[in-house]
Amino acid sequence: MTLFETVVAGVAFGLALAAPPGPMNAVIAEESVLRGWRAGFKTGLGAMTADILFFLLALAGVVTFVRGLPTVQNAMFLVGGALMLYFAYGAIRGARGSFRTGATPESRGFRKAFVLSVSNPYQILFWLTAGVGLLTPGTVDVLSYASESLSGLVVVETGSAALILGLFCGVAGWIVGFPAALSAAESRMESFAPVVAYGSAVVLAGFGLYFLAEVLLL
């Protein structure tokens, strides 16, 4: 049962990584309600592509190397914060413009999410810390931390292909389902689109200012 438990744990971990409110979901939400499910899915695909890139870098040992360079990490915070403020401005402009415009390139959301992801300090820090742990061979007795009586019930194999497969399946499930739910809601309520766009701008601006403050106010 360890293989099955590892895959399920990977899916749960992928959902936990993708689902929390943050800059990536703000961009996915914006694209979904303004341009439809396909645009939202492609935006999510951009963020997932960045995760795959980080995974490959972690596998090659590059992530472990970067972890020892605080100056590089600070530069990532500055670049990420500035980009989020820029895209927050773009979200406000999008909310004021026309919705579902056919003139918007379909690759726009993908590029935006990918650029944001590769410069997102939280996403980078995840792969610098927990991501490296996921790739290190070993086992984690998940429920043993809650109670000794539950020890051995759910054992997850870290460093296994099953865990990584499950993780990316969880992320893929989110980038399919989340835009679909938002697109369906927007089709029933026209005013939902600008609300999400402005909300996206607020989230992006908040994270952008926070990341800049992390470096500039130290």
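The values are calculated or read from the model by the stated rules, or taken from the named source; none is laboratory data. This structure is a prediction, so every number in the text was calculated from the model and none was measured. A quick note on method: Cβ atoms are made from the backbone with ideal geometry, for glycine too, and the neighbour counts reach across all protein chains shown. Ligands, DNA and RNA are excluded from the accessible area calculation, which covers all protein heavy atoms including side chains. Shrake-Rupley method; radii C 1.70, N 1.55, O 1.52, S 1.80 Å.
Here are a few things to note about the model shown:
- Residue list for region 1-28, filter: over 15 Å from Val171 (Cα atoms) and among the β-branched types (Val, Ile, Thr): Thr2, Thr6, Val27
- Inter-residue pairs, beta-carbon under 6 Å, first among the aromatic types (Phe, Trp, Tyr) and in region 38-58, second open to solvent by 50 Å² or more (accessible area, probe 1.4 Å), 6+ apart: none
- In region 179-206, the qualifying residues are those that are within 19 Å of Gly109 (Cβ to Cβ) and of a type in the set (S, T, N, Q), and the one that is modelled with the lowest pLDDT is Ser187.
Table: residues versus (1) of a type outside the set (S, T, N, Q); (2) modelled with pLDDT of 85 or more.
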| site | (1), (2) |
| --- | --- |
| Leu143 | yes, no |
| Ser151 | no, no |
| Val155 | yes, no |
| Ala162 | yes, yes |
| Leu167 | yes, yes |
| Ala172 | yes, yes |
| Gly177 | yes, yes |
